[in-house]
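The values are calculated or read from the model by the stated rules, or taken from the named source; none is laboratory data. None of the values given here were measured: they were computed from a predicted structure. For neighbour counting, all protein chains shown are included, and Cβ atoms are generated from backbone atoms with ideal geometry for every residue, glycine included.
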Amino acid sequence: MPAAQVPKISLDVAVELFISPISLSNLKGSRFFKDPSELGLKYEENILGTIDGINLSSWYIPSRSDKAIVLCHEHGGDKSHMLKYAKFLNDYGFNIMMFDFRAHGSSSGEYFTHGYWECDDISAVVDNLVSRGIYNIGVLGVSSGAAISVLSSSDKRIRALVVDSIYPSIEFMLRKWIDVEGFEVEDDYIDNILYRASVLTGADFSSLDPIDSIKKTDIPIMFAHGSRDRLVPIDEAVKIYAKANDPKEFLEVRGLHNHYLLNGINLQYESAVSRFFYENLR
């Protein structure tokens, strides 16, 4: 029998996938709700402007509270992917702000830079909450949304973080993608992806790794990770947790893989995350 062919991918295609709204992990699916109304939630739809001229599509779900949670979706997703999070957090009494990162969903923008420019997106969202008189602000991010939330924690208006399914570094995720797809690549393939992406976007990708940026975070942070995560094993999240400053917590959600919204958020997760935000948004 002829030997099985090893799949290959051109460098140009890999770079395009890396900085486009197409997820490298093919996480986007059809099991998501369309908008908050499908979950019985009243909401406002707004366009928020960033300091560098990007228009962000956002949904604001109000509550009778002085606390708000910003929800940050993953690479290749959009704000609708966070609706299950929005539902349980709003049920617990939090105002919710959810949005499409630049180059995703209904937002403008050409490239996604895994946090380099997206911190401006979170800043614009926080600006809007402050304009509403809301100052007790927490952020919950999933995967790359978690990594970006860590980078944004230098914004002193953000008082607490929950990072869900966080990865240690951009290089780790690129190598994982290559391994999962079974691509045959040269030794310097990832370095070349990052270099070309940097030239196209103006982003310094060497400064965005959560395993390093977590050391600068000085606000309360909860790490949430599935015990059976096959994309980013839980041991990797534990390593990041070890480098984080106090106060910090680690929530191991047993039996779940990555991205809890894809598997159905459970009561353990809901109660722990809600309790964490209540205790730290004061």
For residue 109, state whether it is buried (at least 22 other Cβ atoms within 10 Å of the Cβ) and closer than 23 Å to residue 195 by Cα. no
How many residues are in a strand (DSSP E or B) and either surrounded by 24 or more Cβ atoms within 10 Å (Cβ to Cβ) or small (Gly, Ala, Ser) (or both) if we restrict to segment 81-106? 4
Tell me whether segment 134-149 contains one or more residues that are farther than 20 Å from residue 277 by Cβ and either touching a strand residue (DSSP E or B) at 6+ places or on another chain (Cβ under 6 Å) or of a type in the set (Val, Ile, Thr) (or both). no
Only one of 94, 112 is touching a helix residue (DSSP H, G or I) at 6+ places or on another chain (Cβ under 7 Å) and farther than 27 Å from residue 272 by Cα; which? 112
May I ask you to list the residues in segment 118-174 that are in a loop (DSSP other than H, G, I, E, B) and acidic (Asp, Glu)? 155
Within segment 54-82, work out how many residues are aliphatic (A, V, I, L, M) and under 13 Å from the mean Cα position of the chain (by Cα). 3
Contacts under 6 angstrom Cβ, first residue in segment 230-241 being free of Cβ contacts under 8 Å to residues at least 24 places away in the same chain, partner surrounded by fewer than 20 Cβ atoms within 10 Å (Cβ to Cβ) and polar (S, T, N, Q), 6 or more apart: 234/227
Do we have residue 187 as over 28 Å from residue 94 (Cβ atoms), part of a loop (DSSP other than H, G, I, E, B) and of a type in the set (D, E, K, R) here? yes
Considering segment 165-224, residues that are farther than 30 Å from residue 137 by Cβ and hydroxyl-bearing (Ser, Thr, Tyr), and then whichever is surrounded by the fewest Cβ atoms within 10 Å (Cβ to Cβ), we arrive at 195
Determine whether residue 149 is in contact with a Cys (Cβ under 6 Å, 6 or more places away or on another chain), in contact (Cβ under 8 Å) with a residue 40 or more places away in the chain, buried (at least 22 other Cβ atoms within 10 Å of the Cβ) and of a type in the set (S, T, N, Q). yes
Of these, 238, 232, which one is of a type in the set (A, V, I, L, M, F, W, C), under 17 Å from residue 167 (Cβ atoms) and at pLDDT below 95? 232
